[in-house]
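The values are calculated or read from the model by the stated rules, or taken from the named source; none is laboratory data. As the structure is a prediction and not an experimental result, all values here were calculated from the model. FYI the Cβ positions are ideal-geometry reconstructions off the backbone, even for glycines, and counts take in every protein chain you see.
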Amino acid sequence: MRHPHRDTAAMLALTLALLAGCATTGPHGEQSLILIDTPTEIQMGLETDVGIRREYPVHTGAALNAYVAEVGARVAAHSERKDVQYTFTLLESDIVNAFAAPGGYIYVTTGLLKAAHDESELAGVMAHELGHVIGRHSVRQIQQTMGLQMAAELLLGDTQSAAWQQVAGLGAGLFTMKNSRDHEFQADQFGVKYLVAAGYDPEGILRFFQTLVEMSGEGPTGAAGWFSTHPATEERIARARTEITLYDLGGSPRNRFEDRFRQATARLRG
């Protein structure tokens, strides 16, 4: 006996697969089936950005905003994804945090800038978040959570649908959303890759991880809570250090830009 619901689900899955397809989502060429196409992802990012800006104030200092955007653009210039436009926003918050929304929206907090010591550390954080965008981690998480029916509604562009209302409601929830263990490790790999490509000291990401451990320990609260969402920070440090060995750094010193960072953040630090 045939099951109509199963047949419908199978047809829906086939239709979505035909409309969408596989995309490179890993730092070493790994691919994943992406049901939500880029225009839909960008619209999701726009909806999310509105919610984030409604909930959290954007830092008003033009010079510091420009500096953060410059560092982000330097790293993003090496991104394999050319189908999205990356934007970098500095949020006014003492919480040490950074996160990425679908479609190339990346956010860092003033609290994170205060915790960092040089530009390579800031670039490491932004390269990590860039990795979430390139790996389409939010999209993959959303399509898995929503299921086929809602993924179809997103893909078909019905902005009045329940699926779009759910995406619009994400907004500031991304501020505390936890990525999976595998996605965090993958974003770290991307982070190392783009730091090296942009000429930064790739150990900047390791130093910032270690700073968070020293500030708050390995618990789920405090500054280290963000970077230890699933994998322990010490484990991420070890894995990222191994990842760095895969690259030929030429034996010459890599850029940290300590003076430029201190000058750019001087007013923030008081």
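Which of the helices (runs of 4 or more DSSP H) found entirely inside the range 1-99 contain at least 2 residues meeting this: modelled with pLDDT under 90, touching a Gly at 6+ places or on another chain (Cβ under 6 Å) and aliphatic (A, V, I, L, M)?
Working: elements: 4-19, 38-55, 62-76.
Answer list for the range 1-99: 38-55.
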| VAL84 being closer than 16 Å to ARG256 by Cα and buried (at least 18 other Cβ atoms within 10 Å of the Cβ) | no
| query | Can you find even one residue in the range 227-236 that is modelled with pLDDT under 60, within 14 Å of the chain's Cα centre (by Cα), part of a helix (DSSP H, G or I) and not polar (S, T, N, Q)? | reply | yes
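Residues checked against (1) modelled with pLDDT of 65 or more; (2) crowded, with 19+ Cβ neighbours inside 10 Å:
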| residue | (1), (2) |
| --- | --- |
| LYS114 | yes, no |
| HIS117 | yes, no |
| GLY124 | yes, yes |
| ALA127 | yes, yes |
| VAL133 | yes, yes |
| VAL167 | no, yes |
| MET177 | no, no |
| ASP182 | yes, no |
| Are any residues in the range 58-81 out of contact with any helix residue (DSSP H, G or I) (no Cβ under 7 Å at 6 or more places or on another chain) and buried (at least 21 other Cβ atoms within 10 Å of the Cβ), and if so, which ones? | VAL68
